[in-house]
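Notes follow the structure.
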Amino acid sequence: MRKGVKAAVVGGVVAVVVGGAGYGTYNVVSALNGTAVSGGSAPERTGPPGADEVKETSQDFFAAWQKGDAETAASYTNFPEAAQELLTAYGTDAHISQVRITPGAASGTTVPFSVKATVSFDGRSKPLSYSSRLSVVRGTSTHRPLVDWQPSVVYPALQKGDTLVTGESAAPAIEAVDRNGAVLTKEKYPSLGPILDELRAKYGDQAGGTPAVELSIHHADTEAADTPLITLAKGRPGKLRTTLSASAQAAAEEAVQRFAESSIVAVKASTGEVLAVANHREDAFNAAFLGRLAPGSTMKIISAATLIDNGITSANGPAPCPDTAVWQSQTFHNLTGMKADEHATLSDSFARSCNTAFVKYADSVKVDSLTREAEDRFGLGRDNWKTGIPSFDGSVPASGGPDTAANMIGQGQVQMSPLNMASVTATAMTGRFHQPVLVSPRLDDRELARAQGLPAGTVAQLRQMMHRTATTGTAAQAMSGLSGDIGAKTGSAEVDGQAKSNSWFTGYRGDVAAAAMVQAGGHGGDTAGPIVAAVLRAAG
């Protein structure tokens, strides 16, 4: 035969096929099936990838990945540049080799798989094993079946911009201890896992240890500490003393387990030292320190202080509680079932958590009065807290329109974290603002935030109202059984698109102030309240 002509045998039939990509190419299979088409190429497939495409694409991707061929593996994804960068780093930066991937049974277009590999660095090696999954999609322009690229395909905990690295840790390991020298570990106190990582990143060098050799996740957020995954060689940990109390932390860890998406902070009111911080969440977000949510009626502590400090009313002064209150065309309501009381005092309305009583005073409060009170007296909203790890300072913006009234009851544009509200309670009960700290400022000579605090007369009235709330008001059930000097405030914050309100509660006992938040937890006394009471019982 001449060059360019081949004999093909299909099903026992010999056919002559002209080689090359010229016109007139004959489709032998189609001819045998009686469906001959001109042009020589099958029509493009559309719709979700079929089982055969899912299997073939995932197998090709796995095969290239196992060989360390990042470029080829990436070509089977819908974002090849990003995929190649991370897959290359998998071998060069993370020093992961001897990769063996075992796919599981596909579920539709999703393929679970397990990885076994070896991490090696500077003569040290450790086995690595984990499970992940990928999905196969159809390319929008090529119509090819492609791996839907996500960093989590390479390692399940990776987020966009994260990468894996192996080498000497950025900071030496630490042995964190509580205020009395008890060792704090993430195994015993799970909530402290990301917090200890943050402390290690910031204070590891100052604690006197030597770095370990680790496989870690290096996060896209340069402010976030690396997350260690495997230790190839242990370093020598340095000792870092924190302000935490092991007993209070244990109580906080247990308390938040009762409700999903819950967080709590407890502080020593006379110093601002953080005694406990705990989160019960599916992610590792430290909502206790970094949460930014409307605090509901716990905000009425600051609002009441604003009314008192500006001479608008007092604890025993008038604060009528009508059924509704209208402010700039927006109607505000109280909790269902609350009876109106036109003769109520501020103490009455505070203890019952009457919204309309506070909204009615929006006419008497300047647009920035609440902001000035929060910043100047409670130390909030100035972005200058230095707790020792990343934290949010609270936000009480000077808002006009309906938000002027909404801010008074902890809605509108007000945002707080449990750390902020624990500090607010500490300031209300002592009259002095002590910026919360997790480690002593003497360790790194950082300058703490300052605020002028509250007049003695305002403190006396706030304590009286909070004590009444804790003993006969909306917080009484949650605080029942707690002896000594106690006070509290409940809060429920409505969130758009959320069936149940967020539950807030803050309270004090002795020299301990605590605040908790449960997302979609309902009334403040029902879920957040028991969390705070449990910690006050252990720490007070």
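The values are calculated or read from the model by the stated rules, or taken from the named source; none is laboratory data. Keep in mind the model is a prediction, meaning the values are calculated, not measured. So basically every Cβ, Gly included, is an ideal-geometry build from the backbone, and we count neighbours across all protein chains shown.
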Check: Quick check: is even one residue across region 275-292 under 17 Å from residue 407 (Cα atoms), in contact (Cβ under 8 Å) with a residue 12 or more places away in the chain and surrounded by 16 or more Cβ atoms within 10 Å (Cβ to Cβ)?
Finding: no
Checklist line | Options 442, 463: the member that is touching a residue at least 12 places away in the same chain (Cβ under 8 Å) and of a type in the set (D, E, K, R) | finding: 463
Note to self: Within region 68-79, take every residue that is of a type outside the set (Gly, Ala, Ser) and either part of a strand (DSSP E or B) or free of Cβ contacts under 8 Å to residues at least 40 places away in the same chain (or both) and give me the one that is surrounded by the fewest Cβ atoms within 10 Å (Cβ to Cβ).
What the structure shows: 71
Margin query: Quick test of your reading of the structure: residue 139 fulfils all but one of (1) modelled with pLDDT of 95 or more; (2) within 24 Å of residue 51 (Cβ to Cβ); (3) not polar (S, T, N, Q). Name the failing condition by number.
Written below: (1)
Item checked: residue 154 vs. criteria of a type in the set (Val, Ile, Thr) and more than 25 Å from the chain's Cα centre (by Cα) -> no
Notebook entry, point to check: What is the residue count in region 439-462 for residues that are hydroxyl-bearing (Ser, Thr, Tyr) and more than 29 Å from the chain's Cα centre (by Cα)?
Noted result: 1
Check: Within region 144-184, can you find the residues that are out of contact with any Gly (no Cβ under 7 Å at 6 or more places or on another chain), of a type in the set (Val, Ile, Thr), more than 17 Å from residue 245 (Cβ to Cβ) and part of a strand (DSSP E or B)?
Finding: 147, 163, 165, 166
Check: Just to be sure, is residue 31 among the small types (Gly, Ala, Ser), at pLDDT below 50, not assigned by TED's automatic domain parsing to the domain that holds residue 117 and not in a helix (DSSP H, G or I)?
Finding: no
Next item on the list: Would you check if there is a residue in region 423-431 being under 21 Å from the mean Cα position of the chain (by Cα) and closer than 21 Å to residue 486 by Cβ?
Entry: yes
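Give region 185-208 a look and list any residue that's crowded, with 18+ Cβ neighbours inside 10 Å and either closer than 18 Å to residue 247 by Cβ or in contact with a strand residue (DSSP E or B) (Cβ under 9 Å, 6 or more places away or on another chain) (or both), or say none.
189, 191, 192, 194, 195, 196, 197, 199, 200, 203, 204, 207
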Notebook entry, point to check: Are there any pairs with C-beta distances below 6 angstrom linking a residue in region 493-506 that is free of Cβ contacts under 8 Å to residues at least 24 places away in the same chain to a residue that is assigned to a loop (DSSP other than H, G, I, E, B) and surrounded by fewer than 24 Cβ atoms within 10 Å (Cβ to Cβ), with the two at least 6 apart or on different chains, and if so which?
Noted result: 498/520; 500/520; 500/522
Item checked: So residue 83, is it part of a loop (DSSP other than H, G, I, E, B), in contact (Cβ under 8 Å) with a residue 40 or more places away in the chain and aliphatic (A, V, I, L, M) -> no
Notebook entry, point to check: Where residues in region 440-456 are crowded, with 18+ Cβ neighbours inside 10 Å and in contact with a helix residue (DSSP H, G or I) (Cβ under 7 Å, 6 or more places away or on another chain), which of them is nearest to residue 203 (Cα to Cα)?
Noted result: 451
Notebook entry, point to check: Taking region 287-330 only, how many residues are farther than 15 Å from residue 504 by Cα and small (Gly, Ala, Ser)?
Noted result: 10
Checklist line | Residue, farthest from the chain's Cα centre (by Cα), within region 91-107, restricted to residues that are touching a residue at least 24 places away in the same chain (Cβ under 8 Å) and farther than 19 Å from residue 63 by Cβ | finding: 95
Checklist line | Among the candidates 497, 510, residue that is at positive phi and modelled with pLDDT under 95 | finding: 497
Item checked: Matching residues, region 502-522, being over 13 Å from residue 262 (Cα atoms) and either outside the structural domain of residue 409 (by TED's automatic domain parsing) or surrounded by fewer than 21 Cβ atoms within 10 Å (Cβ to Cβ) (or both) -> 510, 511
Notebook entry, point to check: Which residues, taken from region 306-331, are in a strand (DSSP E or B) and either within 20 Å of residue 491 (Cα to Cα) or not assigned by TED's automatic domain parsing to the domain that holds residue 404 (or both)?
Noted result: 321, 324, 325, 331
Check: Are any of the residues in region 378-397 touching a Phe, Trp or Tyr at 6+ places or on another chain (Cβ under 7 Å), surrounded by 21 or more Cβ atoms within 10 Å (Cβ to Cβ), in a loop (DSSP other than H, G, I, E, B) and at positive phi?
Finding: yes
Item checked: Any helices (runs of 4 or more DSSP H) falling wholly within region 403-512 and containing at least 3 residues that are touching a Pro at 6+ places or on another chain (Cβ under 8 Å) -> 418-430
